[in-house]
Structure formats: C-alpha cells, structure tokens
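A short write-up of the structure that comes next.
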Amino acid sequence: MIGLGQQAINDHLPALAASHSVNLVAVCDENPAIAHEQHHLRQVPGYTDFREMFTAEELDFVVVCVPHDIGRTVIETAAQHGVHVLKEKPFATNLTEAIELAALCEQAGIELMVTLQRRFNPIYSSFTQLADQIGTRFLVDARYTLHVDDPSEGWRGVTAKAGGGCVIDLGYHLIDLILWYFGLPDSITADLSISARPDRSYDAEDTALVHFSYDSGLYGSLLLSRFMGPKAEEIRLVGSDGIVHLERGCIRRLTNGGEVIESLRREQAWPSAAACQIDYFQRVIDGTRPNLSGPADNLAHMAFVTACYESARTHTPINPKELL
C-alpha cells in the first residue's frame, strides 16, 4: 500500500484486511509518523520511500493512493520491478502522460487497473438494461457535488500537482460512467470556476459545467463541484418513453411524468465494494478476469478531461476523439 491518506485508511486497508485472496505485506507513506503508526497497526513493515519498499519486498501488486503528480514515478518504479498496479483515479495528470504510461505498462508486461469501483456494483451495471426500455434516448443530466470548505487547501488546489480540479478528480467517476454507458462524445464544451472562495488563492477549478453531445442526437450536461453541498451523485437519462434515474445505491425507471415503474436498491456492508475490487484485480493478474479499466481504456477518460480543459481555455467546442 503506497500512500496512507484518507482513501487508503478508510477504504483500501480495510478492504485488504477483508480480502480472502490478498495479503498485505508492506505499507508506505512519506510521512514517517503515519508510516510508523500503520506499521504497528497492521503488523507489516512500514516505509517512507516506495523505491526502498520495491527493492526490499517481494510484491505481486501495489495499491497506489498518492497525489496525482507522484503517480507517474510510482508506476515507472513498479514497471521496473515487474509489479502490477491498482491505482486510485485518475490514471494520469494529462493525456500525454497517459499515452506514455500506457505504452510503458505494455512494454513491462504489467497490469494496471484504475479504481473505478462503480463498475463492480450491480446498481450501475443495471443501467444499460433499463435504458433499453425507454425508447429513443436524447438527454443526459448528471451531477457530482460535495462541499469542501477550502478548495485551495492541500495539493488538490494546485493544478501543477493535481492536473486540474474537480473535473480530473471527483469528476473522473462520472466521466467513467458516461463513457461506459454512451461512449466518448463527439463534442465537449466546458466552463470552469475558481471563484468559490475569492479570499483564497488556487488555480484548480472548484466547479465545472460540461456540455457534451453525440452525432446520434444524444446530448447532456455534467455539473461537478467541490464546493456545492450536500454531497450528491446522480445520472438521469431521458428517452421518448421513460426516464432512468441512477443514484448511489438506487436505480429507478420512471415514466416521463415521473411515476416509478421499477426500482432496484443495494445495501452493502462496508468495505465490500473496495474488497470486491481488490479481489477482482487479483483475478486480473491471474488471467481469469479481463481488466475493465486498464491503461488503454483510460486514454478515453483522459481525452474527455483534456477536452474539458481545452474547451474552457479556448472557449470553443472540442472533439475528444480528435485528441487520441
């Protein structure tokens, strides 16, 4: 486990403890106090230098939860040692880096899977089946919002470290769902804000409004914000004969008037989603499951992200397919 921040402590470490197929053998964080604490809690060696860990330990794979700008160096080191990588999103900080890392992983013969855990949740995988029952689909309305009091705080407020703000960070999950369900759009237009806290200095967007469209006639909007509470994540797909509304833990098919026709809910024990993802990646390494979010797949994600930033910069629509 490389990087012992909140995501690792709350999700990945409990998931590793719950897994029946994977054993935690080492932890690493650049903060000596955190590494020392987890060393004692987990009863495994604790490192402050991941390069030293790769040299000292016999590893099958690493879970990587580091600031975005450090991810490339960790992946390169893992590739040198032939160690597979389960990486917290995003895959890379920009499209050029993503293309280079995809080639590196292929050359090294390692599996890299980006943590897009919604693909392992039956609520999300039911979307396509319900969407087939609503006639001609023409509108997508999606949002992912949460409230961070100070968007300038930490490395996430600095584009040079994070690669951007809410689009490349929390937005990566909804972008993944859009690509999963509908494919890469033919046109993207985006507007970004760094105005939520005028009393703070930061350059990574706190809020983004993204419009996207397909030559088929389907179009939609995506609202992302690190400042707009309460926390909400949803996708609504409107067709000529109904609506599919997806939220965390619930999916419903409705009439165009809003009456519920059918619904599906899932209650899961924590940390089952993260444990499922880790166990799945172990099967990817064994060759018994396909890699659902490998480097080549995430090039489309990075093209979508890049198109958002390029559109905001140039104030013009961008075709993300032309970036690949």
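The values are calculated or read from the model by the stated rules, or taken from the named source; none is laboratory data. Just so we're clear, the structure is a prediction, and the values are computed from it rather than from any experiment. Cβ: placed from backbone, ideal geometry, glycine included. Neighbour counts: every protein chain shown. Accessible surface areas use protein heavy atoms only, side chains included; no ligands, DNA or RNA. Shrake-Rupley method; radii C 1.70, N 1.55, O 1.52, S 1.80 Å.
The table below gives the values:
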item	result
Test result for residue 216, open to solvent by 20 Å² or more (accessible area, probe 1.4 Å) and in a loop (DSSP other than H, G, I, E, B)	yes
Selection within the stretch 285-322 - hydroxyl-bearing (Ser, Thr, Tyr) and either part of a helix (DSSP H, G or I) or surrounded by 17 or more Cβ atoms within 10 Å (Cβ to Cβ) (or both)	293, 306, 309, 311, 314
Hey, residue 291 of a type in the set (S, T, N, Q), modelled with pLDDT of 95 or more, within 30 Å of residue 22 (Cα to Cα) and in contact with a strand residue (DSSP E or B) (Cβ under 7 Å, 6 or more places away or on another chain) or not	yes
Looking only at the stretch 259-284, and only at residues there that are open to solvent by 40 Å² or more (accessible area, probe 1.4 Å) and in a loop (DSSP other than H, G, I, E, B), the one that is nearest to residue 22 (Cα to Cα)	270
Residue list for the stretch 145-200, restricted to those being among the charged types (D, E, K, R) and closer than 18 Å to residue 98 by Cβ	161, 169, 176
Residue in the stretch 1-16 that is more than 19 Å from the chain's Cα centre (by Cα) and either under 20 Å from residue 68 (Cα atoms) or open to solvent by 70 Å² or more (accessible area, probe 1.4 Å) (or both) present	no
Looking only at the stretch 17-27, and only at residues there that are part of a loop (DSSP other than H, G, I, E, B), touching a residue at least 12 places away in the same chain (Cβ under 8 Å) and open to solvent by 20 Å² or more (accessible area, probe 1.4 Å), the one that is farthest from residue 276 (Cα to Cα)	25
Any strands (runs of 3 or more DSSP E) falling wholly within the stretch 28-136 and containing at least 3 residues that are open to solvent by less than 20 Å² (accessible area, probe 1.4 Å), under 25 Å from residue 280 (Cα atoms) and of a type outside the set (D, E, K, R)	61-64, 112-114
Subset of the stretch 38-69 (residues that are of a type in the set (A, V, I, L, M) and without any contact (Cβ under 8 Å) to a residue 40 or more places away in the chain)	41, 44, 56, 59
Any hit, the stretch 156-165, residues being part of a helix (DSSP H, G or I), at pLDDT 95 or above, open to solvent by less than 10 Å² (accessible area, probe 1.4 Å) and within 20 Å of residue 311 (Cβ to Cβ)	yes
Residue ID - modelled with the highest pLDDT, chosen from residues in the stretch 239-258 that are among the small types (Gly, Ala, Ser), out of contact with any Ser or Thr (no Cβ under 8 Å at 6 or more places or on another chain) and open to solvent by less than 60 Å² (accessible area, probe 1.4 Å)	258
Residue check for residue 176: of a type in the set (Asp, Glu) and surrounded by 21 or more Cβ atoms within 10 Å (Cβ to Cβ)	yes
